Amino acid sequence: MGRADPEEGQLPAPVKPPDGGWGWIVLFGCFVITGFSYAFPKAVSVYFKELMKDFHVGYSDTAWISSIMLAMLYGTGPVCSIMVNQFGCRPVMLIGGLLASSGMILASFTTNIIELYLTAGVLTGLGMALNFQPSLIMLGTYFDKRRPLANGLAAAGSPVFLSSLSPLGQVLLEKFGWRGGFLIMGGLLLNCCTCGAVMRPLDMGMKRKMEKARDKYEAKEMLPIGGKSEEGISTTDGTKKAKKAKKKPKKGKKLLDFSIFSNRGFIIYTISKFILVLGLFVPPILLVNYAKDTGVPDTEAAFLLSIIGFIDIFARPACGMVAGLKWVRPHVAYLFSFAMLFNGLTDICSARASNYTGLVIFCVFFGISYGMVGALQFEVLMAIVGSQKFSSAIGLVLLIEAFAVLIGPPSAGRLVDALKNYEVIFYLAGSEVVLSALFLAMATYCCLNRGKKEPPPEKNLSTGGGSDTEEAESDVQEAEEHSSDNHQLAHSTDNTVVAASEEAKHVAEEQSGEGGGCPEGDGEVLARDGCNADQMVERDSF
């Protein structure tokens, strides 16, 4: 029963992530989506000076465009989770691509800064959020053994697109102005729809195979034995249809699964990630102004961010390959803690850098550590909650991170204005990152590793926690229950036909007298049903 070859007429086993094949196309789509989601809010900043001139506003007013985009990317996480659980990843991504593109296209026709907030900020930000989260969910669906490498390669889209969109935006601004640049950028965002279209659900093929195998299995169980009468077959078919009509409807999937808060690992991860985000983005935001205050020319100060981006491109895939090693992957949470500790110590040690050489060294080490954090953050979350609950988990985590994003960088900016000292800000940001690293490592060791001594639950959990197919297993179990019901119906029909055969046999005995043996003519049915020695002894004793 249940898990043999589908060609045998039995139910197939749940399909595991292919770790390749069409998954590489999904990975490329996730690479593009990640690049647009993280790099686009920063690349839009090249248009700010022209917007300030046209709308007669200050830099802080135009900076709200990028802030609103990021707030939508993080803050709409639960909404995106609900839509993914209700409609699936592909439709949500297609809608998100259209919203992101239409936001930038409409922004090219705006006449005041408020309209820019609503179009380029809210509409485009919401569209990118509806693309970013489902792409990560699909990546976790298609990859299991190679998932750390896949996450690292997809995360590399952020620095690659940042290094390309910013120069492209500058060229578009010089040739077409900010309105023409926004219009062309909106056209580029339509590629998100293409990426959404390739996100083929993995369970489609699995469900088709199970339905086909289930039909074969039911047909095999419902076949009449020997020469059963057509009446028995029709009775069985009618009962089968009645059973199908009375079949209980499949339970709907939760729109937002709050049961993940009962997972201690998820709680630990969420707290450490909140503390991390408070200080992670502060150094790159203040780096250029810090370099200018130390006497570095503008062009060389801007080049520092390019150094971070270039190192980041190679750090993320490399860290993904390391995290995928057999002896590293079970301890990926500690590798994530090391990456955060490395990043925090880099901030602290570089706080007193007073020349360009010291800042370049800081950018090299910061790019390595920042790339490690970016490559591991979602891999750790997938390993903790599994692929089935990842859609709800990432939405809630992004919502919590949104508060940290709105608290951390603005607070650092106010401290700079009040203290006129960047050194204190680097110390503070580095301390927050180090604190998050120590908390994750200590909490994981004290709260999670000790719990592993307890007997594991009866569920079949796959390595890494990211390839569990609960929905598929429930479908298989449901099919097995349904097939068992049909099996019982077949047996009940057998009993009916056999009873009818026994009645015909006794009638034939009365007509043939005490001759014994199988009667001719009518007895052909009995011979096919098996007129054996036991039946003859039973007839003699009667």
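The values are calculated or read from the model by the stated rules, or taken from the named source; none is laboratory data. Quick caveat, the model's predicted, so the values are computed rather than measured. Here Cβ is always computed from backbone atoms with ideal geometry, including for glycine, and neighbour counts include all displayed protein chains. Quick note on the areas: whole protein, heavy atoms, side chains included, nothing else; ligands and nucleic acids left out. Shrake-Rupley method; radii C 1.70, N 1.55, O 1.52, S 1.80 Å.
Tabulated data
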| quantity | calculated |
| --- | --- |
| Unmet criterion (only one of (1) closer than 24 Å to V424 by Cα; (2) without any contact (Cβ under 8 Å) to a residue 12 or more places away in the chain; (3) open to solvent by less than 40 Å² (accessible area, probe 1.4 Å)) for F303 | (3) |
| Complete set of residues in region 112-132 that are crowded, with 18+ Cβ neighbours inside 10 Å and free of Cβ contacts under 8 Å to residues at least 40 places away in the same chain | T119, L123 |
| Checklist (1) out of contact with any Lys or Arg (no Cβ under 8 Å at 6 or more places or on another chain); (2) at pLDDT 90 or above applied to Q133, failing item | (2) |
| Among (1) open to solvent by less than 40 Å² (accessible area, probe 1.4 Å); (2) over 21 Å from the mean Cα position of the chain (by Cα), the one test that F143 misses | (2) |
| First in region 392-413 and within 14 Å of I275 (Cα to Cα), second anywhere and of a type in the set (K, R), Cβ under 9 Å, 6 or more apart | V397/K273; I400/K273; E401/K273; A404/K273 |
| Residue ranges of helices (runs of 4 or more DSSP H) in region 48-88 with at least 1 members in contact with a Lys or Arg (Cβ under 9 Å, 6 or more places away or on another chain) and open to solvent by less than 50 Å² (accessible area, probe 1.4 Å) | 59-75, 77-87 |
| Scan of region 310-326 for residues that are out of contact with any Pro (no Cβ under 9 Å at 6 or more places or on another chain) and at pLDDT below 90, ordered by number | K326 |
| Sole exception among (1) in contact with a Leu (Cβ under 9 Å, 6 or more places away or on another chain); (2) in contact (Cβ under 8 Å) with a residue 60 or more places away in the chain; (3) over 16 Å from A39 (Cβ atoms) for F176, by number | (2) |
| Filter result for I394 (open to solvent by 10 Å² or more (accessible area, probe 1.4 Å), among the hydrophobic types (A, V, I, L, M, F, W, C) and on the phi < 0 side of the Ramachandran plot) | no |
| Every residue from region 121-152 that is within 16 Å of T76 (Cα to Cα) and touching a Gly at 6+ places or on another chain (Cβ under 6 Å) | L123, T124, G127, L130, N131 |
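Here's the yes/no breakdown for (1) open to solvent by 10 Å² or more (accessible area, probe 1.4 Å); (2) more than 26 Å from S392 (Cα to Cα); (3) in the same structural domain as T346 (by the TED database); (4) in contact with a Ser or Thr (Cβ under 9 Å, 6 or more places away or on another chain):
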| residue | (1), (2), (3), (4) |
| --- | --- |
| N263 | yes, no, yes, no |
| T270 | yes, no, yes, no |
| K273 | no, no, yes, yes |
| G279 | no, no, yes, yes |
| N289 | yes, yes, yes, no |
| D293 | yes, yes, yes, no |
| G320 | no, no, yes, no |
| G324 | yes, no, yes, no |
